[in-house]
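Asks: Structure in structure tokens, see below.
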Amino acid sequence: MPSALIEIAKIAADLTPRPIESSWIIEGNPQASSSILSTSGDGVACTIVWHCTEGRFDWYYDFDETILILEGSIVLESDGLAPTRYGPGDVIFFKDGAHARWHVEGHVKKLAFCRKTQPAWLGFALRAAGKIKRILLPQGERQPAGLVEAG
């Protein structure tokens, strides 16, 4: 059976412990856990729900990450960014190579959209191929998509 093109997952997924790198912890004993909700077919993008208890730590990004704070609050600071508090509904984008100092106040739960950065020339080639595909294969002629639940 072909893989579904639409997957459904729940934010209330069972979370697995994902310890923060011990050398990054500045204060407290923050306990992190997460669950991967979806992964792109090429493996360069995924959606994760992540939870962390109180503490202060550094975080170094080796991919692009956009987060949506679902619960709790954090104070972020970085070069060029004064300490700023964020809470439910706030969206933050971290570029590949970014560094941020996190202060989790009580706890935080976030939805994260992560994407490994590709060379600019590759992104251009993929966009061009997608455009050619849309021109040659109009929407009405595309394959019907399946639906499956992730998890």
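Asks: What number of residues within the stretch 50-88 satisfy the criterion of being under 20 Å from Lys116 (Cβ atoms) and either touching a residue at least 40 places away in the same chain (Cβ under 8 Å) or loosely packed, with under 13 Cβ neighbours inside 10 Å (or both)? So that I can check it myself, show each step before the final result.
Replies: Initial filter on the stretch 50-88 (under 20 Å from Lys116 (Cβ atoms)): 50, 59-68.
In the following step, the residues that additionally are either touching a residue at least 40 places away in the same chain (Cβ under 8 Å) or loosely packed, with under 13 Cβ neighbours inside 10 Å (or both) were identified as 50, 59-60, 62-68.
Residues that pass the stated criteria total 10.
Asks: If you check Ala125, Ala150, which single one turns out to be under 29 Å from Ala13 (Cβ atoms), hydrophobic (A, V, I, L, M, F, W, C) and modelled with pLDDT under 95? Reasoning before the result, please.
Replies: Numbers: Ala125 fails: under 29 Å from Ala13 (Cβ atoms).
Ala150 is the lone residue from the list that is under 29 Å from Ala13 (Cβ atoms), hydrophobic (A, V, I, L, M, F, W, C) and modelled with pLDDT under 95.
Asks: Restricting attention to the stretch 103-113, and to residues there that are closer than 11 Å to Ala32 by Cβ and free of Cβ contacts under 8 Å to residues at least 60 places away in the same chain, which single residue is surrounded by the fewest Cβ atoms within 10 Å (Cβ to Cβ)?
Replies: Result: His107.
Asks: So, in the stretch 14-55, how many residues would count as being under 20 Å from Glu65 (Cα atoms), assigned to a loop (DSSP other than H, G, I, E, B) and of a type in the set (Gly, Ala, Ser)?
Replies: Going through the stretch 14-55 one residue at a time, the tally reaches 3.
Asks: Looking only at the stretch 13-59, filter to residues that are closer than 16 Å to Lys109 by Cβ and among the acidic types (Asp, Glu); which one of those is modelled with the highest pLDDT?
Replies: Here the answer is Glu54.
The values are calculated or read from the model by the stated rules, or taken from the named source; none is laboratory data. The shown structure was predicted, so the numbers you read here are calculated from the model rather than taken from an experiment. Heads up, the Cβs are rebuilt from the backbone with ideal geometry, glycines too, and the neighbour counts pull from every protein chain shown.
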